[in-house]
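Peer 1: I have a structure here, written as C-alpha coordinates, and I will follow up with some questions on it.
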(Lines give C-alpha, C1' and ligand atoms only; values in the text may rest on other atoms or scores of the structure.)
Protein backbone atom coordinates (compact mmCIF):
# COMPACT_ATOMS: atom_id res chain seq x y z
CA UNK A 1 0.00 0.00 0.00
CA UNK A 2 2.92 2.36 0.58
CA UNK A 3 3.82 2.22 -3.13
CA UNK A 4 0.19 2.98 -4.02
CA UNK A 5 0.19 6.01 -1.73
CA UNK A 6 3.48 7.22 -3.21
CA UNK A 7 2.19 6.97 -6.79
CA UNK A 8 -1.15 8.54 -5.84
CA UNK A 9 0.76 11.52 -4.44
CA UNK A 10 3.09 11.65 -7.46
CA UNK A 11 0.44 11.35 -10.17
CA UNK A 12 -2.06 13.45 -8.19
CA UNK A 13 0.41 16.31 -7.77
CA UNK A 14 1.45 16.03 -11.42
CA UNK A 15 -2.15 16.19 -12.68
CA UNK A 16 -3.13 18.96 -10.29
CA UNK A 17 -0.14 21.11 -11.27
CA UNK A 18 -0.58 20.60 -14.99
CA UNK A 19 -4.34 21.04 -14.77
CA UNK A 20 -3.85 24.41 -13.07
CA UNK A 21 -1.17 25.43 -15.56
CA UNK A 22 -3.41 24.43 -18.44
CA UNK A 23 -6.23 26.61 -17.11
CA UNK A 24 -4.18 29.61 -16.05
CA UNK A 25 -1.59 29.85 -18.82
CA UNK A 26 -3.30 27.99 -21.68
CA UNK A 27 -0.14 25.84 -21.79
CA UNK A 28 -2.02 22.85 -23.15
CA UNK A 29 -2.74 24.76 -26.36
CA UNK A 30 0.91 25.64 -26.78
CA UNK A 31 1.95 22.06 -26.13
CA UNK A 32 -0.48 20.87 -28.80
CA UNK A 33 1.08 23.34 -31.25
CA UNK A 34 4.54 21.96 -30.43
CA UNK A 35 3.50 18.50 -31.66
CA UNK A 36 4.36 19.76 -35.16
CA UNK A 37 8.00 19.28 -34.13
CA UNK A 38 8.80 15.55 -34.36
CA UNK A 39 11.86 15.90 -32.13
CA UNK A 40 9.67 17.38 -29.38
CA UNK A 41 7.14 14.56 -29.68
CA UNK A 42 9.82 11.88 -29.60
CA UNK A 43 11.65 13.47 -26.66
CA UNK A 44 8.46 13.70 -24.63
CA UNK A 45 7.72 10.15 -25.70
CA UNK A 46 10.84 8.91 -23.95
CA UNK A 47 9.84 10.78 -20.80
CA UNK A 48 6.30 9.35 -20.95
CA UNK A 49 7.63 5.85 -21.60
CA UNK A 50 9.98 6.03 -18.62
CA UNK A 51 7.30 7.42 -16.29
CA UNK A 52 4.92 4.67 -17.34
CA UNK A 53 7.55 1.94 -17.17
CA UNK A 54 8.59 2.89 -13.63
CA UNK A 55 4.95 2.94 -12.55
CA UNK A 56 4.24 -0.45 -14.14
CA UNK A 57 7.37 -2.09 -12.71
CA UNK A 58 6.70 -0.85 -9.19
CA UNK A 59 2.90 -0.94 -9.24
CA UNK A 60 1.43 -3.56 -11.56
CA UNK A 61 -1.47 -4.23 -9.21
CA UNK A 62 -4.75 -5.45 -10.70
CA UNK A 63 -7.22 -5.37 -7.80
CA UNK A 64 -10.80 -4.23 -7.46
CA UNK A 65 -10.14 -0.99 -5.58
CA UNK A 66 -8.89 2.53 -6.23
CA UNK A 67 -5.23 1.47 -6.62
CA UNK A 68 -5.94 -0.09 -10.02
CA UNK A 69 -6.22 3.47 -11.37
CA UNK A 70 -2.49 3.89 -10.77
CA UNK A 71 -1.75 0.70 -12.70
CA UNK A 72 -3.95 1.83 -15.59
CA UNK A 73 -2.21 5.24 -15.59
CA UNK A 74 1.16 3.50 -15.73
CA UNK A 75 0.21 1.24 -18.63
CA UNK A 76 -1.50 4.07 -20.49
CA UNK A 77 1.48 6.37 -20.06
CA UNK A 78 3.89 3.69 -21.20
CA UNK A 79 1.81 2.95 -24.31
CA UNK A 80 1.49 6.67 -25.01
CA UNK A 81 5.27 6.99 -24.81
CA UNK A 82 5.73 4.16 -27.30
CA UNK A 83 3.22 5.79 -29.65
CA UNK A 84 5.00 9.15 -29.42
CA UNK A 85 8.38 7.59 -30.13
CA UNK A 86 7.20 5.37 -32.98
CA UNK A 87 4.43 7.43 -34.57
CA UNK A 88 4.98 11.18 -34.01
CA UNK A 89 2.86 12.18 -37.03
CA UNK A 90 -0.10 10.21 -35.69
CA UNK A 91 0.32 11.92 -32.31
CA UNK A 92 0.29 15.33 -34.01
CA UNK A 93 -2.98 14.50 -35.79
CA UNK A 94 -4.54 13.23 -32.56
CA UNK A 95 -3.39 16.33 -30.64
CA UNK A 96 -5.25 18.57 -33.07
CA UNK A 97 -8.55 17.03 -31.93
CA UNK A 98 -7.79 18.09 -28.34
CA UNK A 99 -7.12 21.70 -29.31
CA UNK A 100 -10.77 22.69 -28.94
CA UNK A 101 -11.37 20.97 -25.60
CA UNK A 102 -8.57 22.45 -23.52
CA UNK A 103 -10.73 23.64 -20.64
CA UNK A 104 -12.52 20.30 -20.30
CA UNK A 105 -9.25 18.42 -20.32
CA UNK A 106 -7.74 20.77 -17.76
CA UNK A 107 -10.76 20.23 -15.52
CA UNK A 108 -10.43 16.46 -15.94
CA UNK A 109 -6.78 16.68 -14.89
CA UNK A 110 -7.74 18.75 -11.84
CA UNK A 111 -10.46 16.31 -10.82
CA UNK A 112 -8.27 13.23 -11.28
CA UNK A 113 -5.34 14.88 -9.51
CA UNK A 114 -7.51 16.02 -6.63
CA UNK A 115 -9.09 12.57 -6.29
CA UNK A 116 -5.70 10.82 -6.26
CA UNK A 117 -4.39 13.22 -3.61
CA UNK A 118 -7.56 12.71 -1.58
CA UNK A 119 -7.02 8.95 -1.70
CA UNK A 120 -3.34 9.34 -0.76
CA UNK A 121 -4.00 11.44 2.33
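Peer 1: Among the residues of the stretch 19-48, which ones are crowded, with 18+ Cβ neighbours inside 10 Å and within 21 Å of residue 116 (Cβ to Cβ)?
Peer 2: Correct list: 19, 22, 28, 48.
Peer 1: Taking residue 79 as the residue in question, decide whether it is under 16 Å from the mean Cα position of the chain (by Cα), surrounded by fewer than 17 Cβ atoms within 10 Å (Cβ to Cβ) and within 21 Å of residue 43 (Cβ to Cβ).
Peer 2: On the way: under 16 Å from the mean Cα position of the chain (by Cα): yes; surrounded by fewer than 17 Cβ atoms within 10 Å (Cβ to Cβ): yes; within 21 Å of residue 43 (Cβ to Cβ): yes.
Yes.
Peer 1: Taking only the stretch 50-103 into account, find how many residues are more than 20 Å from residue 3 (Cβ to Cβ), modelled with pLDDT of 95 or more and in a helix (DSSP H, G or I). Let's see the steps before the verdict.
Peer 2: Initial filter on the stretch 50-103 (more than 20 Å from residue 3 (Cβ to Cβ)): 79-103.
Pick out the ones that are also modelled with pLDDT of 95 or more and you get 79-88.
From the residues that got through so far, the ones that are in a helix (DSSP H, G or I) too are 79-86, 88.
Here the count works out to 9.
The values are calculated or read from the model by the stated rules, or taken from the named source; none is laboratory data. Because the structure is predicted, anything quoted here is derived from the model rather than measured. Please note: Cβ atoms are built from the backbone with ideal geometry, for glycine as well, and neighbour counts cover all protein chains shown.
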